[in-house]
Number of protein chains: 2
Amino acid sequence: MNGQDSLVQPLLTDFYQITMCYAYWKTGTHKEPAVFDVFFRKNPFHGEFTVFAGLEDCLRFVENFKFSQSDIEYVKKILPENAEPEFFEYLESLDGNDLTIEAVKEGSVVFPKVPLLTISGPLAMCQLIETSILNLVNYASLVATNAARFRQASGPDIQLLEFGLRRAQGPNGGLTASKYCYIGGFNGTSNVLAGKLYGIPVKGTQAHSFICSFSTPAELRTRSLKHKDSDTVGDLFEDSLEKRSWLLNQSKWGVVETEVSDGELAAFVAYAIAFPEGFLALIDTYDVLRSGVVNFVAVSLALHDFGYRSMGCRIDSGDLSYLSKELRSRFKAVSTLKPEYAFFEKMTIVASNDINEETIMSLNEQKHSIDAFGVGTHLVTCQKQPALGCVYKLVAQSDRPKIKLSQDVSKITIPGKKKCYRIFGKNGFAILDLMMLDSEPEPQPNQQILCRHPFEESKRALVNASKIVRLHEVYWSQGKITTPLPTLNDIKLHVNKSITEALRQDHRRYLNPTPYKVSVSEALYKFLHELWLQNAPIGQLE
Amino acid sequence: MNGQDSLVQPLLTDFYQITMCYAYWKTGTHKEPAVFDVFFRKNPFHGEFTVFAGLEDCLRFVENFKFSQSDIEYVKKILPENAEPEFFEYLESLDGNDLTIEAVKEGSVVFPKVPLLTISGPLAMCQLIETSILNLVNYASLVATNAARFRQASGPDIQLLEFGLRRAQGPNGGLTASKYCYIGGFNGTSNVLAGKLYGIPVKGTQAHSFICSFSTPAELRTRSLKHKDSDTVGDLFEDSLEKRSWLLNQSKWGVVETEVSDGELAAFVAYAIAFPEGFLALIDTYDVLRSGVVNFVAVSLALHDFGYRSMGCRIDSGDLSYLSKELRSRFKAVSTLKPEYAFFEKMTIVASNDINEETIMSLNEQKHSIDAFGVGTHLVTCQKQPALGCVYKLVAQSDRPKIKLSQDVSKITIPGKKKCYRIFGKNGFAILDLMMLDSEPEPQPNQQILCRHPFEESKRALVNASKIVRLHEVYWSQGKITTPLPTLNDIKLHVNKSITEALRQDHRRYLNPTPYKVSVSEALYKFLHELWLQNAPIGQLE
């Protein structure tokens, strides 16, 4: 099902994971029980939320983890010649059976510092999988978050279509983008392979090259179309030409027939003969208002004579707000020409061309009349911030908590294995996430819980929870996936629910969103700060 | 060899390629001979050159092009129910045998508007492969160009290492990045799978988690090391401790032993026992100057006693210029402590942490003392411009030239099949690229050639060429690769040569580089402008 299985293999890792693995093995700590947290430090895109994605890919990777004979041969070549042969036997023996993976539910909205995954197991094995796990989580979560932001910007009723394959990082970059944009809130993709592999609806009509391939009506070899409900066959081109003259006479569009491209009409007719039902035309090859819309309406009226209903048109250049409103007003005008043309009012207008979150919001302000956006480059490359920056940090080893210090406080890790909860208030929205020591009792609703900022001493709050949800479940244990995995559509629904039902609007808004609070319990606060002091070296002044 | 073969298949395309294919087939133009150009309109990264990459991937894609039975079944599902069954037989019959692909040599420096590839063949087949070709060329060329710019910024003597796997667009995004960064000018990658598949040198040492995994010397289970050239075995930790005390006494570094982390020393010793030769340590987990460098030197001096020579250290945070110079001065100081420590002067300093082109240039100005850069996020995501924007445009069909008009002149295509040349001046550098009609005679050196800007009437120049190189060769014809393909290392050499030997410094510089001229012949100019007028509709004023 995955489409990338062949690449997600143990060697898809940074070389230092293998050299560290050898060093752990040499010093004998390779089997010490360790705990690693996967988390990020900052939400992407100047926002205050992130969508967690990539969990199933991580689990499949661990499920299939096994060095092949040729992998071992290759590792022998790149390690120093005097590396001990027993190490390679050890590598060969490795699999995911000794790992335990706890994770947040895929598609959940998540926040800085809270572990997305906690991976426990033998130190060296945990270390070995770091890069692959980060690779699988980072981009998936980033692009799902980006897609969710496009959905927030466009509102629930607009169709969002992902058109990014040609701009992605190679074939699999494109596939990954299609999959995670879909779960993030897109309705479909142009990527046919993603459709085949993941069951995502595929969408698309024609490119400018198709329109350009017909310069004159002479290039149209077939003109005949069968009526939808009878055996009558007619000439769709002739009928379209007639409709066009009639339309230009009836309408007050100020267009003369010499301005309207006959090649474009021929191209539309060719496409309509192939797809008479649900005809959708690209109308900006020549001039949207002086040619494209005229030809589109002409062909649509002709198709109507043959019993077919057109779906709409796409614009890929120009002032999308202005054009969409002009198109809508023309479609409304057509809808009043005859009662049977009333359907024209509901014609779909698709817009593409360098769409990003800001474009959509600006179009909203201008009260655009667009029904669907096709988005490519900005969506899949995440132009505004093309990397998420998840990290994978050791937090405990042989029951000793570990802390990574840094002169930059935001880079200090929160040590030890933790329990994490999302605390909901009376109105149903989430108030904050709370991390606690693994040994603490579960927090209870309707009791005062003291929640502290992990690093700022004075930031504390008492919280009275209406509902408390534990964030992590065990997904992998003793060599097996232990929690049933949701389908892609389940994850998609969960993303939407997780954002719109649980997250207050002020955390979601584009401009200056309120940071969502991530806190620690009093016990974890003390534990963290004691360990910090223990590990920070003591300087000496003169 | 490719590592992404399983994904590069006919369905890795936009759905509209298939709907257009059906429409061409319905109207009977699907077999008309067509010519498509692949080109871009603007160099990336505010630069004035681009490195062309991805050609071999395109050829392999065409070589293997064949719809599988399950592909056909899937296409049947997504096309309307009444699509004609003969179309699917036609799809099944398709392969790359009727295509001809001309291309610029992979790794060449290229410029806007000049075709990177020209693909000729049956209209529908050419159309079908558009998305895959763009997907394979766009990111490969973009990231190769980015790598080449890092190389330009760092100069020829610095080691550049690609560390981007965890930030790339999934597994294959990471592989593609590693491959094309290598050809663009990087010396190695951390990506082990890229090493295995493509033979790229792999590099890497240890992460902060390795250092953190040793909090105290008690966690060091093995301390003994065998002398390189004898059977003597000693305690590397004890020796390192001694060396550390001696060093702190000898040096004037102002560091007291309580400031220096014993856990870090234990980690270094563990790593050095595994890799005594060429020891390279990550020294910024605690404090570079008050702990990391002290422990590194101590272990290196101890290793020296055992007959091994250390390689250097890596810093991953802080002021890289200041730290690198401080490290160098400390290494120099150590090199003077005893004659046998002279090798310390040449210790390698590796820097990582959010390195981009500008960081490198700023470090150059500050006269840094870094020998190698490890670059991840900015390199593989091409943060500054994460998409190249190659397009695939119809330029001729059944011997009729085709032009795509646009109100934006920069988007007008240059019609017809063309011959393209690079014109070199006396000093050996390229002067301009020249596109001509396919029917024109070859331009000759040492004769005046009139070169015109394709769209600005008054921009013309007479050029006297010392050397003229035809840019395109036929790489694919009659179902076969017709030109021997270079190895990855050949391409890498060609990139370097193409940039540094042929391209004037002012085209290459970072700030306000001179645009390289792309011109057309007098005949192509006239042809283009006549076709433009023929195709532009005539408006009517009152």
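Details
- Some residue of the stretch A:17-27 being surrounded by fewer than 22 Cβ atoms within 10 Å (Cβ to Cβ) and more than 30 Å from residue A:516 (Cα to Cα): yes
- Those residues of the stretch B:406-430 which are in a loop (DSSP other than H, G, I, E, B) and either out of contact with any Phe, Trp or Tyr (no Cβ under 8 Å at 6 or more places or on another chain) or open to solvent by 20 Å² or more (accessible area, probe 1.4 Å) (or both), in sequence order: B:406, B:407, B:408, B:413, B:414, B:417, B:425, B:426, B:427, B:428, B:429
- Only one of the numbered conditions (1) modelled with pLDDT of 95 or more; (2) within 27 Å of residue B:148 (Cα to Cα); (3) of a type in the set (Asp, Glu); (4) out of contact with any Pro (no Cβ under 8 Å at 6 or more places or on another chain) is not met by residue B:522, and that is (2).
- Verdict on residue B:7 being more than 29 Å from residue B:415 (Cβ to Cβ), more than 23 Å from the chain's Cα centre (by Cα) and crowded, with 20+ Cβ neighbours inside 10 Å: no
- Summed over the stretch B:459-474, residues that are over 8 Å from residue B:423 (Cα atoms), free of Cβ contacts under 8 Å to residues at least 60 places away in the same chain and under 31 Å from the mean Cα position of the chain (by Cα) total 1.
- Test for residue B:215: is it within 9 Å of chain A (Cβ to nearest Cβ), polar (S, T, N, Q) and open to solvent by 20 Å² or more (accessible area, probe 1.4 Å): yes
- Residues satisfying the stated conditions in the stretch A:194-206, i.e. more than 7 Å from every other protein chain (Cβ to nearest Cβ) and open to solvent by less than 20 Å² (accessible area, probe 1.4 Å): A:194, A:200
- From the options B:85, B:112, B:122, residue that is more than 13 Å from chain A (Cβ to nearest Cβ) and in contact (Cβ under 8 Å) with a residue 40 or more places away in the chain: B:112
- The residues of the stretch A:482-499 that are under 24 Å from the mean Cα position of the chain (by Cα) and open to solvent by 30 Å² or more (accessible area, probe 1.4 Å), listed by number, are A:484, A:485, A:486, A:487, A:489, A:490, A:492, A:493, A:494, A:496, A:497.
- Output for the stretch A:75-96, where each listed residue is open to solvent by 20 Å² or more (accessible area, probe 1.4 Å) and either of a type in the set (Gly, Ala, Ser) or more than 19 Å from residue B:196 (Cα to Cα) (or both): A:82, A:84, A:85, A:86, A:89, A:90, A:93, A:95
- Counting only helices (runs of 4 or more DSSP H) that sit wholly inside the stretch A:283-400, those with at least 2 residues that are surrounded by fewer than 21 Cβ atoms within 10 Å (Cβ to Cβ) are A:293-305, A:320-335, A:357-365.
- Scanning the stretch B:57-74 for residues that are under 28 Å from residue B:387 (Cα atoms) and surrounded by fewer than 20 Cβ atoms within 10 Å (Cβ to Cβ) yields B:60, B:63, B:64, B:65.
- Residue within the stretch B:186-200 that is of a type in the set (A, V, I, L, M, F, W, C), assigned to a loop (DSSP other than H, G, I, E, B) and under 42 Å from the mean Cα position of the chain (by Cα) present: yes
- Boolean, residue A:397 is at the interface with chain B (Cβ under 8 Å from one of its Cβ atoms) and out of contact with any helix residue (DSSP H, G or I) (no Cβ under 8 Å at 6 or more places or on another chain): no
- Condition met for residue B:258 (of a type in the set (Ser, Thr, Tyr), out of contact with any Leu (no Cβ under 6 Å at 6 or more places or on another chain) and open to solvent by 30 Å² or more (accessible area, probe 1.4 Å)): yes
- The lone exception for residue A:209 - which of (1) in contact with a Lys or Arg (Cβ under 9 Å, 6 or more places away or on another chain); (2) within 7 Å of another protein chain (Cβ to nearest Cβ); (3) in a loop (DSSP other than H, G, I, E, B) it fails: (3)
- Answer residue from the stretch A:436-477, given it is of a type in the set (A, V, I, L, M, F, W, C) and either outside the structural domain of residue A:39 (by TED's automatic domain parsing) or under 19 Å from residue A:503 (Cβ atoms) (or both) and is most open to solvent (accessible area, probe 1.4 Å) among those: A:469
- Which numbered condition residue A:148 fails, given (1) closer than 20 Å to residue A:34 by Cβ; (2) open to solvent by less than 10 Å² (accessible area, probe 1.4 Å); (3) among the aliphatic types (A, V, I, L, M): (1)
- Which numbered condition residue A:9 misses (of (1) more than 29 Å from residue B:267 (Cβ to Cβ); (2) at pLDDT below 95): (1)
- Odd one out for residue A:389 among (1) farther than 21 Å from residue A:43 by Cα; (2) of a type in the set (Gly, Ala, Ser); (3) within 14 Å of another protein chain (Cβ to nearest Cβ): (1)
- Of all residues in the stretch A:143-175, those satisfying the criterion of being touching a Phe, Trp or Tyr at 6+ places or on another chain (Cβ under 6 Å), outside any loop (DSSP other than H, G, I, E, B) and at the interface with chain B (Cβ under 9 Å from one of its Cβ atoms) are A:143, A:170.
- Filter result (part of a loop (DSSP other than H, G, I, E, B) and either more than 11 Å from chain A (Cβ to nearest Cβ) or under 22 Å from residue B:308 (Cα atoms) (or both)) within the stretch B:247-282: B:251, B:252, B:253, B:275, B:276, B:277, B:278, B:279
- Qualifying positions in the stretch B:8-53 - of a type in the set (S, T, N, Q) and within 10 Å of another protein chain (Cβ to nearest Cβ): B:9, B:13, B:17, B:19, B:27, B:29
- Set B:279, B:268: member being of a type outside the set (Asp, Glu), touching a Leu at 6+ places or on another chain (Cβ under 7 Å) and either open to solvent by 10 Å² or more (accessible area, probe 1.4 Å) or in the same structural domain as residue B:337 (by TED's automatic domain parsing) (or both): B:279
The values are calculated or read from the model by the stated rules, or taken from the named source; none is laboratory data. Keep in mind the model is a prediction, meaning the values are calculated, not measured. Positions of Cβ are backbone-derived with ideal geometry, glycine not excepted, and every protein chain shown enters the neighbour counts. These area figures cover heavy atoms from the full protein model, side chains too; ligands, DNA and RNA do not enter into them. Shrake-Rupley method; radii C 1.70, N 1.55, O 1.52, S 1.80 Å.
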